[in-house]
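Visitor: Quick one: the structure is below, and I'll ask about it shortly.
Readers should treat all values here as calculations from the given coordinates under stated rules, not as data from a laboratory. For clarity, every value in this text was computed on a predicted model and none was experimentally measured. Because the Cβ atoms are built from the backbone with ideal geometry, glycine has one as well, and the counts that use them run over all protein chains shown.
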Amino acid sequence: MKLQSHRPKFLAGDDMRPLVSKVLIPAMLILVGVLAATSSTTRLLGVVLSGIIILLGITQFVVVGVVEPSEQCLFYRRFLRWRKIEYSDIIKCGRSIFPLFLGLHYLKLRSFEPPFGRLYFVQYHPARFGSQYELDRESTEYIRERIAGGAVSLGTLSVENPDKRPNSPQLGVKVCAISTILSMLTVLFLRLLLSWPGYGFPPTLAPGQPIAYRALIYMSLFCMHLLDWPFNSIAIVVLLAGIVVLRFRGYAGVLSLILGAILGGVAARWLGAS
């Protein structure tokens with residue numbers, strides 16, 4: 001693996017994943033939780049669950065970090081300061097199942113790391129679209145080699161070696177399955193418990209409205225029609241095919257989230273949601 005020309009950072013245009021995992025997803029969770037909790041249609045149980053969503057967003061912001069592996073040690077950063085970690089202090093480097101939608105890996109150290117006992121990190125690799133997954137895999141394999149006490153250098157690992165691929169197909173299937181289930185349950189939660197987004201959705205179009213607002217309305221109408229027969233069946237088949245083509249890796253997790261949202265919307269209609 002080649003050394004990066006500069007250290008990983010959260011605000012970077014060449015790889016947006018740290019920004020998405022550290023800032024955008026937590027902000028989205030907090031915003032959804034606040035809007036759902038303050039909605040006039042939200043029941044008491046919905047307020048409690050909205051508080052859980054807000055807590056998840058805050059927790060995600062706190063736990064996400066980035067790493068920079070070197071030949072001597074590993075550097076880890078959550079906020080402003082870099083922390084030096086010896087490879088001999090690391091027990092395991094693995095892929096995180098939960099928090100699921102972050103696309104995180106974790107480091108398990110010999111000492112307990114608050115708040116969950118592990119250090120979670122998102123990968124940072126400025127590269128062209130489609131090649132970042134291979135770089136992620138190479139980086140985690142290098143960390144595993146160093147944990148095992150190997151003298152491998154940063155330039156010797158190759159992602160083309162099939163015996164050194166850390167992510168098994170079974171893990172990818174498990175991640176996609178859990179992504180689909182959680183996304184489906186989230187939509188059911190919003191539609192059945194919170195009655196969100198309400199009976200007036202999507203709002204009607206009127207002359208003179210801004211282009212951005214009209215585009216949002218058209219997108220909302222498109223999403224509503226995706227839940228209608230036969231469009232829902234076509235969308236489900238296309239998403240399943242895409243997940244299989246991606247071999248349950250990389251952006252297959254995103255397709256799984258969309259698939260779960262569609263399944264949740266269809267199920268909510270069957271259960272009586274408008």
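Visitor: Compute the FRET efficiency between residue 269 and residue 216 as 1/(1 + (r/R0)^6), taking r as their Cβ-Cβ distance and R0 = 22 Å, and round to the nearest 0.05.
Guide: 0.50
Visitor: Another one. Compute and list, largest first, the equivalent-ellipsoid semi-axes of segment 169-270 from the alpha carbon gyration tensor, each √(5λ) rounded to a whole angstrom.
Guide: Value: 28, 16, 12 Å, ordered largest first.
Visitor: Thinking of segment 44-91 as a set of Cα atoms, what percent of all their pairs are more than 13 Å apart?
Guide: Result: 66 percent of Cα pairs exceed 13 Å.
Visitor: Mind listing the phi-derived Karplus ³J(HN,Hα) values for segment 110-118, rounded to whole Hz, using 6.51, -1.76 and 1.60 with θ = phi - 60°, and x for any glycine or proline?
Guide: 5, 9, 5, 10, x, x, 10, x, 9
Visitor: Residue 92: which aspartates and glutamates have alpha carbons under 12 Å from its alpha carbon, excluding same-chain residues fewer than 8 sequence positions away?
Guide: Reachable aspartates and glutamates: 141, 145.
Visitor: Tell me the net charge near residue 265. Cut-off is 12 Å between Cβ atoms, residue 265 excluded, with +1 for each Lys or Arg and -1 for each Asp or Glu.
Guide: Net of charged neighbours comes to +1.
Visitor: Further, regarding this structure: Go ahead and run the numbers for FRET between residue 240 and residue 75, Cβ-Cβ distance against an R0 of 51 Å, rounding to 0.05.
Guide: Working: r = 40 Å, r/R0 = 0.78.
In this case the efficiency is close to 0.80.
Visitor: What Rg and what Dmax come out for segment 27-106 when only alpha-carbon atoms are used, in angstroms?
Guide: Taking only Cα atoms of segment 27-106, I get Rg and Dmax of 17.4, 57 Å.
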